[in-house]
Amino acid sequence: MVRIFTVLFALLALSACGGPSEYVVVGTARAAGADGLITVETTESNNLLNIEVENLAPPGRISEGTTVYVVWFKPPTGPLTAQGTLEYDPDDRVGRFSATSIHGELQVIVSAEIDATANAPSEVVILRQDVVAPN
């Protein structure tokens, strides 16, 4: 019994050490086979977000005419903004993206778009996840 409490105490202590927040994500119905990981890491002046999505079909197979996956950030107060495009590898079917944000809470949205200049996400959202930076 003492050993169980020791292990639990150690786990609680480690969880308070403040590593990155990690979010396992799955694709929406538009990209049902896609899955991945979003990590949020606090740096000196902002938060670093890394997104990796695996088993992701090319955009044109998700929706006809689309050519890129655009990443959007929506803070609790403030506008939804395009951050850039997933770096997509069609051979490995993997999309990767990294960006920084001053916001500690965000909704991350990834959508398939005709081009990278979209002003708002299309209805072809392939991933949506609320994230919070670690303390």
TODO: Give the carbon-plus-sulfur fraction of the accessible surface of the chain in %, rounded to a whole number; probe 1.4 Å, heavy atoms of protein chains only.
DONE: 55
TODO: Take Ser45, Ser101 and sort them by solvent-accessible surface of the protein heavy atoms, 1.4 Å probe, largest at the top.
DONE: Ser45, Ser101
Open item on the list: In Å², and per residue, what accessible area does the chain have when probed at 1.4 Å with the other protein chains present?
Closed with: 60
Task: Along the chain, longest interval not containing exposed GluC sites (Glu not before Pro), exposed being DSSP loop plus at most 11 other Cβ atoms within 10 Å - done: 65-122
TODO: Enumerate by residue number the trypsin sites (Lys or Arg not before Pro) in the range 29-135 meeting two conditions: DSSP loop (anything except H, G, I, E, B), and at most 15 other Cβ atoms within 10 Å of the site's Cβ.
DONE: Arg93
Task: Pairwise label distance in nanometres, Ser45 with Asn135, each label 7 Å out on the Cα-Cβ vector - done: 2.6
Task: Gain upon complete extension [Asp115, Thr100; 0.36 nm per residue less C-alpha separation] - done: 3.2 nm
Task: Within-15-Å neighbourhood charge of Thr85 [Cβ basis; K, R +1; D, E -1] - done: -4
TODO: Would you mind checking the tilt of helix 2-15 against the longest principal axis of the Cα atoms of the chain, expressed as 0 to 90 degrees and rounded to 10?
DONE: 40
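The values are calculated or read from the model by the stated rules, or taken from the named source; none is laboratory data. Here the structure is a predicted model, which is why all the values come from computation and not from measurement. Virtual Cβ from ideal backbone geometry, glycine too; neighbours counted across all protein chains shown. In case anyone asks, the SASA skips ligands and DNA or RNA and just uses the protein heavy atoms, side chains included. Shrake-Rupley method; radii C 1.70, N 1.55, O 1.52, S 1.80 Å.
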